[in-house]
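Accompanying notes for the structure given below.
The values are calculated or read from the model by the stated rules, or taken from the named source; none is laboratory data. Please read these numbers as outputs of a predicted model, since none were measured by experiment. Cβ atoms come from the backbone with ideal geometry, glycine included; neighbour counts cover every protein chain shown.
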Amino acid sequence: MNFNTKTIHGGQEHDMAYGAVMPPIYQTSTYAQTTPGGHKGYEYSRTHNPTRAALERAFASIENGKHGLAFGSGLAAIDAVIKLLNPGDEVVSTNDLYGGTYRLFTKIYEKFGIKFHFIGMENAHRIEDYINKNTKLIWVETPTNPMLNIIDIKKAGEIAKKHNVLLAVDNTFATPYLQQPLDLGADIVMHSATKYLGGHSDVVMGALVVKDDALAEKLYFIQNSSGAICGPQDSFLVLRGIKTLHVRMQRHCENGRKIAEYLSNHPKIEKVYWPGLESHPNHEIAKSQMSDFGGMLSFVTKGNNYNEAIKIVENLKIFTLAESLGGVESLAGHPASMTHASIPKEEREKTGVVDSLIRLSVGIEDANDLINDLKQAIA
Ligand SMILES: *Cc1c(COP(=O)(O)O)cnc(C)c1O
């Protein structure tokens, strides 16, 4: 089955009871047993729920994995991965990281004795310099947020294998439409399904996908033991979202290209970060591991003025000023004051998150309307 069919049919079967084409929302916490232990595979909805199970099979299918796990949020999914580790273990992580991931690593898990190294990975060979006998996990986010740096997943995978370390990739920005990390050597793929997989800005959810049975077993144990699951209604919504992932992504990419090109030629814009531009420093790696370049982009205005950037995002009319990304509607954000406010100024500036940086999640509206909106807001 090819990707554009998997989004609709992958891991799905019609409902056994009445043939419903969409899996019913099994809004139940528990399941009747005929005799103790006599059940139909479902006992309690923290452990299993048929609607969630349908979604988890869809996750596995679209990422070319074997096992999918759904969580109450992207961060809950990341939390489950870090719970594989023990005190004293070390993680080599991308430095230009989603702010909430950075907060989870440093504010929650450092105090439990896990050590994180945050490094620039655009040259993936650097990962090896930070690996020692305590290293258990490499955490990669690519494209990164909000700088759209690209990390070579295949190279990271080779380093992980050589040192017998797990490689996890946050695939939220790219989605499996653009890149499939498990095929490139990753052990775990993670998503904030809140973003493109859900795709309609109406649900918060996280996902993990793995191939290895033993690793899946450990993660299912954590999912059930820690309990950060999602409910059946949300599972239904994300399953519905996935069915149009490929058509939405196609338009996100087309609009992303048009806007990146428009901004690149704008006299007031200093720099545009979009991996599809030939001027992007990691364009070649992007071309080798992604099938297109997505709808996320960032730009910096000339003069790097904080207040001017705030004014631009306030003046936008079609783009909504909001956190999050990946929905059908276009969003704009100012990382320094919003998503990355929890990262100290000196830290964020080291990775390029300067005062005037504006991040766009380009939606699937008419491209000319979006360009005109940017034109008037920048003017
Ligand atoms: C949003 C996001 C997360 C966190 O996901 P939630 O669903 O908000 O918990 C993690 N990584 C990336 C890249 C994200 O954009």
Go through segment 343-359 residue by residue and tally those that are touching a Gly at 6+ places or on another chain (Cβ under 8 Å), of a type in the set (A, V, I, L, M) and under 14 Å from residue 312 (Cβ atoms). 1
For segment 116-158, which residues satisfy the criterion of being aliphatic (A, V, I, L, M), within 16 Å of the ligand (Cβ to nearest atom) and either assigned to a loop (DSSP other than H, G, I, E, B) or in the same structural domain as residue 331 (by TED's automatic domain parsing) (or both)? 121, 147, 148, 150, 151
For segment 47-76, pairs from a residue that is assigned to a helix (DSSP H, G or I) to a residue that is among the basic types (Lys, Arg), with Cβ under 7 Å and 6 or more apart or across chains, are 60/66; 61/6; 62/6
Looking only at residues in segment 319-348 that are out of contact with any strand residue (DSSP E or B) (no Cβ under 7 Å at 6 or more places or on another chain) and outside any loop (DSSP other than H, G, I, E, B), which one is nearest to residue 298 (Cα to Cα)? 348
Can you find, within segment 160-196, the residue that is nearest to the ligand (Cβ to nearest atom) among those that are among the small types (Gly, Ala, Ser) and under 18 Å from residue 246 (Cα atoms)? 192
Show the residue pairs that are 6+ apart or on different chains and have beta-carbon atoms under 8 Å apart, the first residue being within segment 161-179 and on the phi > 0 side of the Ramachandran plot, the second being outside any loop (DSSP other than H, G, I, E, B) and more than 14 Å from the ligand (Cβ to nearest atom). 175/245; 175/249
Could you list, in sequence order, the residues of segment 236-290 that are within 30 Å of residue 28 (Cα to Cα) and of a type in the set (Val, Ile, Thr)? 238, 242, 244
Restrict the check to segment 197-220 and report whether at least one residue is within 16 Å of the ligand (Cβ to nearest atom), modelled with pLDDT of 95 or more, of a type in the set (Lys, Arg) and not in a helix (DSSP H, G or I). no
Selection from segment 1-31 of residues modelled with pLDDT under 95 and out of contact with any helix residue (DSSP H, G or I) (no Cβ under 8 Å at 6 or more places or on another chain) yields 13, 14, 15, 16, 17, 18, 19, 20, 21
Go over the candidates 18, 44, 31 one by one and state the one that is loosely packed, with under 12 Cβ neighbours inside 10 Å and hydroxyl-bearing (Ser, Thr, Tyr). 18
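Would you call residue 101 outside any helix (DSSP H, G or I) and within 21 Å of residue 215 (Cβ to Cβ)?
Values: outside any helix (DSSP H, G or I): no; within 21 Å of residue 215 (Cβ to Cβ): yes.
For residue 101, the condition - outside any helix (DSSP H, G or I) and within 21 Å of residue 215 (Cβ to Cβ) - is not met.
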Selection from segment 352-372 of residues touching a Ser or Thr at 6+ places or on another chain (Cβ under 8 Å) and surrounded by 17 or more Cβ atoms within 10 Å (Cβ to Cβ) yields 356, 357, 358, 359, 360, 361, 362, 363, 370
Could you give me the residue pairs with C-beta distances under 7 Å whose first residue belongs to segment 92-115 and is away from the ligand (no atom under 13 Å from the Cβ), whose second residue is part of a helix (DSSP H, G or I) wherever it lies, and which are 6+ apart or on separate chains? 92/127; 109/82; 114/82
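Which residue is nearest to residue 240 (Cα to Cα), if the candidates are limited to segment 205-221 and must be of a type in the set (A, V, I, L, M, F, W, C) and either buried (at least 20 other Cβ atoms within 10 Å of the Cβ) or not assigned by TED's automatic domain parsing to the domain that holds residue 158 (or both)? Before you say what the answer is, go through the steps one by one.
Going through segment 205-221, the residues of a type in the set (A, V, I, L, M, F, W, C) turn out to be 205, 207-210, 214-216, 219, 221.
Of the ones still in play, those that are also either buried (at least 20 other Cβ atoms within 10 Å of the Cβ) or not assigned by TED's automatic domain parsing to the domain that holds residue 158 (or both) are 205, 207-210, 216, 219.
On the way: 205: 13, 207: 15, 208: 18, 209: 18, 210: 22, 216: 24, 219: 25 Å.
Taking the candidates together, the pick is 205.
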Inter-residue pairs, beta-carbon under 8 Å, first closer than 17 Å to residue 254 by Cα and free of Cβ contacts under 8 Å to residues at least 60 places away in the same chain and in segment 353-370, second surrounded by 24 or more Cβ atoms within 10 Å (Cβ to Cβ) and not acidic (Asp, Glu), 6+ apart: none
Quick one: in segment 65-78, of everything that is more than 14 Å from the chain's Cα centre (by Cα) and either under 22 Å from residue 164 (Cα atoms) or modelled with pLDDT under 95 (or both), which residue is farthest from the ligand (Cβ to nearest atom)? 66
Among the residues in segment 324-339, are any without any contact (Cβ under 8 Å) to a residue 60 or more places away in the chain, over 21 Å from residue 375 (Cβ atoms), in contact with a helix residue (DSSP H, G or I) (Cβ under 9 Å, 6 or more places away or on another chain) and not aliphatic (A, V, I, L, M)? yes
